[in-house]
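Only one structure is covered here, and it is reproduced in the block below.
The values are calculated or read from the model by the stated rules, or taken from the named source; none is laboratory data. Because the structure is predicted, anything quoted here is derived from the model rather than measured. All Cβ positions, glycine included, derive from the backbone under ideal geometry; neighbour counts span all protein chains shown. Accessible surface areas use protein heavy atoms only, side chains included; no ligands, DNA or RNA. Shrake-Rupley method; radii C 1.70, N 1.55, O 1.52, S 1.80 Å.
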Amino acid sequence: MASNRKGLICSMCGTHESAANPVVKVLEGLNLCTDCIAYIDNARDSQLKKQPDKGKKEEKSGKIPKPKEIKEFLDKYVIGQDTAKKYLSVAVYNHYKRINQPEDDEVDIEKSNIILVGPTGTGKTLLAKTIAKLLDVPFTIVDATVLTEAGYVGEDIESLLTRLLQTCDYDVEKAERGIVFIDEIDKIARKSDNPSITRDVSGEGVQQGLLKLLEGSVVLVPPNGGRKHPEQKMIAVNTKNILFICGGAFDGIERKIASRLNTHVVGYGHDESGRKKKRENLMKYVLPMDLKSFGLIPEIIGRLPILTSLDPLDREALRRILTEPKNSIIGQYKKLFEMDGVKLEFTEEALDFIVDKAIEYKLGARGLRSIVETIMVDSMFEVPSVNQKEFRIDLDYVKDQLERAHFEKTEIKD
């Protein structure tokens with residue numbers, strides 16, 4: 001509308017310009033009052049909010065990769081352990097299919113939590129961490145050794161979920177789709193079947209407390225820890241769609257497996273080579289009954305239905321771990337030197353010697369990292385301060401560095 005002597009008139013609502021509601025000339029022949037401008041802004045914002053939600057929902061439903069794709073991704077970061085990767089890939093895929101299941105479906109798919117059994121340094125934590133990275137979901141690692149029954153010194157069971165909430169800035173809906181890796185699950189095994197006057201507050205008591213989390217229920221979680229802030233407001237978290245992956249070395253369970261398999265064969269015609277192979281990796285024959293014999297209660301075993309083992313790392317696997325994965329140990333050090341403008345190289349003889357030392361110290365993949373760190377500490381201290389473009393690590397340098405750190409003088413006992 002055109003202007004008159006009293007000022008501009010809003011083209012949308014016909015209101016005359018006033019001190020309380022000024023009218024702005026937007027375009028030639030288009031005048032808008034501040035109330036109409038605010039209305040248009042609100043309408044635009046509400047429309048934009050609806051569109052991303054719809055797109056986000058579609059993206060979320062189509063985001064879950066197939067089991068083969070999950071395993072291929074794991075292969076880039078974890079060497080070997082094909083059986084464990086296959087079990088994990090299928091379990092994770094089915095778990096997230098279950099989350100996206102329509103609510104009106106008559107078939108109620110139950111949750112399948114996972115337990116990984118294997119020696120230290122074989123990649124239990126790395127497998128769980130890599131899967132969480134692929135799925136881009138909240139992920140946390142908690143240590144079962146710090147947990148005790150409520151009311152005793154140590155952390156409450158609910159602290160597992162406090163850590164998960166912290167990783168996603170207390171977004172409850174996001175946390176309820178996350179993954180929790182409970183490490184050292186074997187350390188909360190029941191100490192003894194014999195009755196005692198002392199309570200097993202860090203063993204069977206913790207297992208009993210974990211049952212409600214693993215099965216799926218609404219748990220009241222203290223956001224800042226249980227005992228230090230008793231006045232805090234609790235956060236209700238439904239664990240129905242949280243995937244729990246448990247890992248443990250279960251040191252000594254081989255004896256229980258061997259006893260069950262009765263590997264000592266008496267008589268003629270028995271297969272000596274087959275018997276020896278069984279003894280070398282008894283962990284692959286682990287069954288739920290072995291976990292029960294070790295000290296896990298039947299109820300918690302039933303809530304961890306997927307049981308798989310990890311193979312001990314042989315020399316070939318350790319050699320590949322050094323250089324092949326995307327985040328390989330040698331690759332990390334090369335990147336550190338590259339950031340200082342230095343090209344780092346390792347000779348094949350040096351890498352083989354590092355692997356031999358890791359086998360000697362029986363520390364698995366973690367041993368590789370500590371040995372390489374010992375070798376590299378002097379060079380990482382000196383090289384950034386000098387104008388050097390290349391640095392080469394050979395066998396003599398490795399031996400010299402390990403001798404300085406007294407690695408060569410340490411006697412290894414079985």
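Placing Phe381, Phe346, Phe250 in order of accessible area, with the largest value first and a 1.4 Å probe, yields Phe381, Phe346, Phe250. Taking every protein chain into account, the accessible area of the stretch 300-414 amounts to 58 square angstrom per residue (probe 1.4 Å).
Arg44 exposes around 130 Å² of accessible area when a 1.4 Å probe is run over every protein chain in place. Each residue, Val90 and Asp251, gets one label point 7 Å from its Cα in the Cβ direction; the gap between the two is 3.2 nm. A simple count of charges around Leu310, restricted to other residues whose Cβ falls under 14 Å of its Cβ and scoring Lys, Arg +1 and Asp, Glu -1, yields -2. Determine, from the Cβ-Cβ distance of Asn100 and Glu345 and an R0 of 41 Å, the FRET efficiency 1/(1 + (r/R0)^6), rounded to the nearest 0.05. In this case the efficiency is close to 0.30.
Between the stretch 95-170 and the stretch 281-357, how far is it from one alpha carbon centroid to the other, in angstrom? Value for the Cα centre distance between the two parts: 21 Å. Remark: the stretch 104-120, residue by residue, has Karplus-estimated 3J(HN,Hα) of 8, 6, 6, 8, 9, 7, 7, 6, 10, 6, 10, 10, 9, 10, x, x, 5 Hz, where x stands for each Gly or Pro and the curve is 6.51 cos²θ - 1.76 cosθ + 1.60 at θ = phi - 60°. Residues Ile235, Ile40, ordered by accessible area of protein heavy atoms at a 1.4 angstrom probe radius and largest first, appear as Ile40, Ile235.
If R0 is 45 Å, what FRET efficiency do you get for Asp314 and Lys233 from their C-beta distance, rounded to 0.05?
Working: r = 52 Å, r/R0 = 1.17.
Once rounded, the FRET efficiency stands at 0.30.
Over 31 Å between Cα atoms: which of Lys174/Lys334; Lys66/Lys343; Lys357/Lys389; Lys133/Lys240; Lys129/Lys399; Lys76/Lys362 fall into that group? The answer is Lys174/Lys334; Lys66/Lys343; Lys129/Lys399.
Restricting to DSSP loop positions (anything but H, G, I, E, B) with no more than 13 other Cβ atoms inside 10 Å of their own Cβ, which GluC sites (Glu not before Pro) remain in the stretch 317-414?
Glu408, Glu411
Across the stretch 12-26, computed HN-Hα scalar couplings (Karplus, 6.51 cos²θ - 1.76 cosθ + 1.60, θ = phi - 60°) run 8, 10, x, 6, 6, 4, 8, 5, 6, 9, x, 10, 10, 7, 7 Hz from first to last residue, x flagging Gly and Pro. The candidates Leu161, Leu8, arranged from most to least accessible area with a 1.4 Å probe in the full protein assembly, appear as Leu8, Leu161. For Leu318, the accessible surface of its heavy atoms amounts to roughly 10 Å² (probe 1.4 Å, protein chains only, rounded to the nearest 10).
Multiplying the sequence separation of Tyr170 and Ile40 by 0.36 nm and subtracting their Cα-Cα distance, what value in nm do you get? Kindly include the intermediate steps, with their values, before the conclusion.
Details: separation 130, 0.36 × 130 = 46.80 nm, distance 3.34 nm.
Taking 0.36 nm per residue and subtracting the Cα distance, the gain is 43.5 nm.
Counting only the heavy atoms of the protein chains, how much of Lys86 is accessible to a 1.4 Å probe, in Å² to the nearest 10? It works out to around 130 Å².
How much net charge surrounds Arg366 when only other residues with a Cβ under 12 Å from its Cβ are counted (Lys, Arg +1; Asp, Glu -1)? Provide the component values of the computation, followed by the final result.
On the way: positive: Lys124, Lys362, Arg369; negative: Glu373.
Result for the local shell: +2.
Amide H contacts under 5 Å for Cys246: Ile114, Ile115, Leu116, Ile182, restricted to partners 5 or more places along the chain or on a different chain, H placed in the peptide plane at 1.01 Å from N. The peptide list 26-34, 283-291, 364-372, put in order of mean Cβ contacts within 10 Å with the highest first, becomes 364-372, 283-291, 26-34. Restricting the stretch 285-348 to trypsin sites (Lys or Arg not before Pro) that sit in a DSSP loop and have at most 15 other Cβ atoms within 10 Å of their own Cβ leaves Lys326.
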